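Only one structure is covered here, and it is reproduced in the block below.
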Amino acid sequence: MNNTRKLLPWREAMKVNWRAIKMLYQYNPQMILSRLLFVAWEAFTPYIGIYLSALIVEELAGSGDAERLIRLVWITLISSAVIVLVRALLTKWRDVYNYSVHLCVEGILAKKMLDMDFVSTDDPRTHELLARISHNATGGGWGLNRVFQYEELIGALLKLCGGITLTVTLFTSRVPDTAGNLSILNHPLMILLVIGMMLFITYIAPVLSNKAGNYSVKYAAQQDVANRHFTHYGYLGGKREFAADVRIYRQYALSEKYCTGKNNFFSSQGVLAKLNRGPVGLLKAASAGVSVLFTGIVYGFVCMKAYAGAFGIGAVTQYAASIVKVSEGVSGLISAAGDMRNNAIFLEVIFEYMDIPNSMYQGSLTVEKRRDREYEVEFKNVSFRYPGSENFVLKHVNMKFKIGSKLAVVGMNGSGKTTFIKLLCRLYDPTEGEILLNGIDIRKYNYLDYMNIFSVVFQDFCLLPLKLGENVGGKIEYDRELVTECLKKAGYGERLANMSEGLETYLYKDYTWEGTDVSGGEAQKIALARTLYKDAPFMILDEPTAALDPIAEAEVYSKFNEIVGDKTAIYISHRLSSCKFCDEIAVFHEGAVVQMGTHSQLLADEKGKYYELWNAQAQYYTA
């Protein structure tokens, strides 16, 4: 397996960077504009000081006109004050948005995730890409955060333009013919030789630095894997959810292997250390040394021309400073371009994620808002297989939901129960067949409108570390009385009464030490209350009592009719004893509905799957 990556061609690399800049601009224009104006101001303003300083020194070394000196000093002071004032304003403007760069990048990635078809959100490949993006950003600062390297590119160009303007006369100013051997400095070949040496040294320094940076790209895949190991094992001991297992099974020994071993990627004998002791270190040292050599050539050439009488002492100040700026401009230009090329390979990963297509048809029909809740849903010959798979998870499912009835869905693990629910909620679209709402294919309805007719407690539901009321209401502004009523219906009333902050109590301790940890059973009750609060005509409960103790579970069952009310309810469970209160039971096996009927009807069929499942559980209660 090849763990190294290759650089993109220059044209393609710049194209990728330009796309990233446009994406950041679309998300937050002021963030880009404020940074660009700051860069332009920083690039041009030093030349004002250089020019005015040269005039003052020239006047002091020449005629020494006091009136002109005073005027130049005042101009210098006023321009310096204006430069500092404008710089402070631009800095403040830029910093306001600079602090939000991380949030901007995270916002772009999160928005894509929220806009993505659920089938793509559920795809492990999507999360693999997100993990790579995260590790590239934290490991070497690569990705969208690095796109701002274009500022250095623009700054370098502006600095180069300003420097050239002030240094042109260095090469056009003639040494007097009386300067003897030094008059050779006027010869065109000598000027071309000096310019050529300067350009070569200016070019070679950033090239050497970029070659050192190329190793980051070359070994990016290895660094990604090493980052993953360190991120997981380096913090294993500090994660509460793993604490018991880490201590019982002494799993910290695994952490030592990935975090303290000398041959790991980041360790003293690892790849990174060997590169920095070898080619990377040598290239960076050579780059720094070449830069010093450039400064020597510049000062030597300027001083020789001044000594020969080509210009005065004031011009020496101007040329020495401005030609160094020219060098910084060329060097910065090459360095920034090289860094952008190095970053392009990491931007490609981001755009692979951003370009995940949405294939689900969103529909345009509005779902009729019916007070009688008479929404009829029908599965007609529905089959489904996951993208890239040849095996069907569901096969030829035909079913019509009776309005206001309670349907239990049972079956062994992997029988297709959860996939059936995700198709019903239109998190997935059928591979074959169709699902109808009041006789119309659900794909024709507005996607969000259709999803609003369902309230679901998924088996792997999620509560946020926010206030209890916000978790149930699903928003900051909610009906407090209704939330309290829903919590009581779900069996959480007694615990709520004992909370000093009531609905304002934070769940968990992510944001405040005053937060309350809740058990699995309590969390399940809160999730059930959230489902009740939405008050949708279809209620779907996927193992809603799995984490409850027997008494709490019996309480939920006894109140089931009260909880569900006039809604159409779908109840998924492995505990068949809990399905007796449902009007009808659908038995799934190997992706198909193999039986349908009431509890007594299905139990009467001794050759059926339901009878087999019932007796497999019943033996533990009747033995």
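The values are calculated or read from the model by the stated rules, or taken from the named source; none is laboratory data. Predicted, not measured: the structure shown is a model, and the values here were computed from it. Neighbour counts are summed over all protein chains in view; Cβ atoms, including those assigned to glycine, are modelled from backbone coordinates with ideal geometry. Areas reflect the complete protein model, heavy atoms only, side chains present, ligands, DNA and RNA absent. Shrake-Rupley method; radii C 1.70, N 1.55, O 1.52, S 1.80 Å.
Is at least one residue of segment 383-401 more than 29 Å from the chain's Cα centre (by Cα), at pLDDT 90 or above, of a type in the set (Val, Ile, Thr) and surrounded by 15 or more Cβ atoms within 10 Å (Cβ to Cβ)? Yes, the conditions are met somewhere in segment 383-401. The set of residues from segment 359-378 being out of contact with any Phe, Trp or Tyr (no Cβ under 6 Å at 6 or more places or on another chain) and closer than 18 Å to residue 404 by Cβ comprises 368, 369, 370, 371, 372, 373, 374, 375, 376, 378. Of all the residues in segment 117-129, those that are buried (at least 17 other Cβ atoms within 10 Å of the Cβ) and either polar (S, T, N, Q) or under 21 Å from residue 228 (Cβ atoms) (or both) number 4. Contact map, segment 451-464: residues that are without any contact (Cβ under 8 Å) to a residue 60 or more places away in the chain paired with residues that are of a type in the set (S, T, N, Q), Cβ distance under 7 Å, separation 6+ or inter-chain. Pairs shown: 464/471. Just one of the listed residues (552, 529, 523, 536) is hydrophobic (A, V, I, L, M, F, W, C), under 29 Å from residue 421 (Cβ atoms) and at pLDDT below 85, and it is 552. Of the residues making up segment 462-505, those that are part of a helix (DSSP H, G or I) and out of contact with any strand residue (DSSP E or B) (no Cβ under 7 Å at 6 or more places or on another chain) number 20. Applying the selection to segment 566-589, what residues are crowded, with 19+ Cβ neighbours inside 10 Å and of a type in the set (S, T, N, Q)? 568, 573, 578 - these are the residues of segment 566-589 that are crowded, with 19+ Cβ neighbours inside 10 Å and of a type in the set (S, T, N, Q). Residues of segment 130-174 that are small (Gly, Ala, Ser), buried (at least 21 other Cβ atoms within 10 Å of the Cβ) and closer than 23 Å to residue 55 by Cα: 162, 163. When segment 234-257 is limited to residues that are farther than 21 Å from residue 510 by Cβ and either open to solvent by less than 100 Å² (accessible area, probe 1.4 Å) or in contact with a Gly (Cβ under 8 Å, 6 or more places away or on another chain) (or both), the one that is modelled with the highest pLDDT turns out to be 245. Filtering segment 116-164 to residues that are free of Cβ contacts under 8 Å to residues at least 40 places away in the same chain and of a type in the set (A, V, I, L, M) leaves only 137. Only a single criterion out of (1) more than 30 Å from residue 251 (Cα to Cα); (2) aromatic (Phe, Trp, Tyr); (3) touching a residue at least 40 places away in the same chain (Cβ under 8 Å); (4) open to solvent by 40 Å² or more (accessible area, probe 1.4 Å) is not satisfied by residue 219, namely (1).
Screening residue 303 with (1) more than 30 Å from residue 219 (Cβ to Cβ); (2) open to solvent by less than 20 Å² (accessible area, probe 1.4 Å); (3) not in a loop (DSSP other than H, G, I, E, B) gives one miss only, at (2). Checking each residue of segment 451-464 against the condition of being open to solvent by less than 40 Å² (accessible area, probe 1.4 Å) and farther than 21 Å from residue 122 by Cα gives at least one match.
Quick one: is residue 344 modelled with pLDDT of 75 or more, within 35 Å of the chain's Cα centre (by Cα), more than 30 Å from residue 449 (Cα to Cα) and surrounded by 15 or more Cβ atoms within 10 Å (Cβ to Cβ)? Yes. Can you confirm whether residue 338 is open to solvent by less than 20 Å² (accessible area, probe 1.4 Å), out of contact with any Cys (no Cβ under 8 Å at 6 or more places or on another chain) and at pLDDT below 75? No. Scanning segment 311-325 for residues that are among the aliphatic types (A, V, I, L, M) and crowded, with 23+ Cβ neighbours inside 10 Å gives a single hit, 323. If you check residue 623 against the conditions, is it modelled with pLDDT of 85 or more, open to solvent by 60 Å² or more (accessible area, probe 1.4 Å) and over 20 Å from residue 415 (Cα atoms)? Against the criterion (modelled with pLDDT of 85 or more, open to solvent by 60 Å² or more (accessible area, probe 1.4 Å) and over 20 Å from residue 415 (Cα atoms)), residue 623 does not qualify. Give me a count of the residues in segment 471-484 that are touching a helix residue (DSSP H, G or I) at 6+ places or on another chain (Cβ under 8 Å) and open to solvent by 20 Å² or more (accessible area, probe 1.4 Å). Result for segment 471-484: 7.
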